[in-house]
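These notes are about the structure you will find just below.
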Amino acid sequence: MKKWLLYIIYICVPGMLMGSCSNYLDEDTSSLVTDKINVTFTLAMNSTSSRAIITDGTGNSYENRIDADGLQVLFYDANGTKCLGKVENIVVFRTESEYIYQFMGNLTIEDAVDYTLPSCKVMVFANSAEMDTNTDPTSLTFDYDAEKFKNESVNIPMWGAASFTNLRLAPGTNTDLGTIYLLRAMAKVEVTLSDEAAAEFNLTGVSLNKYNEKGYCLPSDASGIEKTDDAWQNKVGDIGLFNEFSSPRTAELAFMPTGNGYVLYLSEYENTDNSAYMTVTLTDKAGEQVKLNEPYLYFKNYDKGERFNVVRNHCYQYRIKSVENGGELQLAVKAQPWNTYEEDWNYTETVTVKESGVIKWTEGSYDTMHEAEVYMKYATTAECAFTIDTPVGGTWYASLIPVSGNYDAFAFESEASGEVGKQATLRIKTTQDDVTENSKAELQIVVRTIDGRTIMVNNLLGQSSSETKYTLVQSK
């Protein structure tokens, strides 16, 4: 079975509901300012970088790196024109996996507490300029400072979108928005030698003579985007993705050397006349420069002679196969979406838990237990262990969903995520000594498959139980 090799980020957003906006909400519901909601979703980079660079930033490679300070999540109406709310104060928490990061923030949406949005669109902007609820997302731009992108002091702008109908947000529940795929707002150009050419020559330099100094974050028809998945990209094609910010500069721009060639990240460019081109330099194994009749590489299909634009979220690969006839470059050129890296995996998409792997609570770590309710008194920590067997290659994460009383009465004291197939231990603590009201929270565990889908785990209590989840209770 094929899978996306995903760079995954889990985000959990406790939301605060305020104000009035009855055009989008159920007019019969009343407003409660302090109620909380949980919204979880996954951001997925649908490719990996061949240039793995471990950094202190979020993400383990430059091409996939997301700066938590530059991550912006906004809720819009279905057309993406009216902003309904923005997630604020986003912070990141590392997990055991280098590919998984948990974020938390505050969501403010006007009006009501227990309601359904008939239609809305969630848009994510990463590594981009600051936005507020009045910013037109189609006007969002970025500056292309080539040297900063070459030395990786700034990150590649990204964006993603997903549309929803009848999205219900209610306090004490968890709304899972599934996977939102991020697309890069820039392109990548690679120049390499084939194995045969590398046996004779060294590629010692590549430069570009013309490029744009700015770019748009979103494509031209941003209002028509429902979801930034493969189906949408295939439907709109290069024309639907392309949205050049014409700001040309004519100057020599050197590519960055890699282990087997040269690479450059570019803002979009409309190639109307082949006036933008790359120049390559080759030397022989003795170090002497090779004389080339035409050392230029153009943005075109060499088989058909057709020009192409430099389009966002695309990778343009030039491979020098040989030098013929005393100086003629023989090339293979591939222009493709900067998306897919596939591997064969053998796995099931069913969540299975053996009877030996169901949740077992450590004796003495809680007060009493009644069916699926675990009672805790005062300041204490309850501990449980479990093992989820499949889906192979998946991951799990746990959430504490407030049911009644104090919404933050319970918290995890240990890691709340891990790999499927390994024994897991959760430690859950009460947060208050002076308890004035009974508080309840539901322990919810979700599995994410390697293709990014989410599955609620409902079989961790064993076949003998009629319940599907444990509820933690702190009583007065």
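Throughout, read-outs are computed from the coordinates displayed, never taken from laboratory work. Computed from a predicted structure; not experimentally measured. FYI the Cβ positions are ideal-geometry reconstructions off the backbone, even for glycines, and counts take in every protein chain you see.
FRET efficiency for the pair Asp273 and Asp145, taken as 1/(1 + (r/R0)^6) with r the Cβ-Cβ distance and R0 = 22 Å, rounds to 0.30. Note on the range 388-435: along the principal axes its Cα atoms extend 43, 18, 11 Å, ordered by decreasing extent.
Rounded to the nearest Hz, the phi-derived 3J(HN,Hα) couplings of the range 381-391 under the Karplus curve 6.51 cos²θ - 1.76 cosθ + 1.60 (θ = phi - 60°) are 10, 9, 10, 9, 9, 7, 9, 9, 8, 9, x, where x marks glycine and proline. Extension gain, Lys354-Lys377: 0.36 nm per intervening residue step, less the Cα-Cα distance, totals 5.2 nm. Across all Cα pairs in the range 345-476, the calculated P(r) in 10 Å bins from zero up to the longest distance comes to 13, 43, 31, 11, 2, 0 percent per bin. For the range 423-468 and the range 347-415, what is the centre-to-centre distance using only Cα atoms, to the nearest Å? Here the answer is 4 Å between Cα centres.
Each of the peptides 318-327, 78-87 was scored by the mean count of other Cβ atoms within 10 Å over its residues; in descending order, highest first, they stand as 78-87, 318-327.
Using a simple spin-label model with pseudo-atoms 7 Å out from Cα toward Cβ, Glu130 and Arg427 lie 3.9 nm apart. Once R0 is set to 35 Å, what does the formula 1/(1 + (r/R0)^6) return for the Cβ-Cβ distance between Gln330 and Ala251, expressed as a FRET efficiency to the nearest 0.05? E(calc), rounded to 0.05, equals 0.75. Near Glu244, once Lys and Arg are set to +1 and Asp and Glu to -1 for all other residues with Cβ below 11 Å from its Cβ, the sum equals 0. Would you please give the FRET efficiency between Tyr296 and Val236, computed as 1/(1 + (r/R0)^6) with r the Cβ-Cβ distance and R0 = 30 Å, to the nearest 0.05? Taking R0 as 30 Å, the efficiency between Tyr296 and Val236 is 0.45.
Listed peptides 179-187, 428-436 appear in the order 179-187, 428-436 once ranked by packing, highest mean of other Cβ atoms within 10 Å at the front. Where does the charge balance sit around Trp396 when Lys and Arg score +1, Asp and Glu -1, over other residues with C-beta under 10 Å from its C-beta? Around Trp396, the surrounding residues sum to +1.
Under 13 Å from the Cβ of Thr135, count the other residues' Cβ atoms, weight Lys and Arg +1, Asp and Glu -1, and hand me the total. Here the count lands on -1.
For Thr250, Thr283, the sequence from fewest to most other C-beta atoms within 10 Å is Thr250, Thr283.
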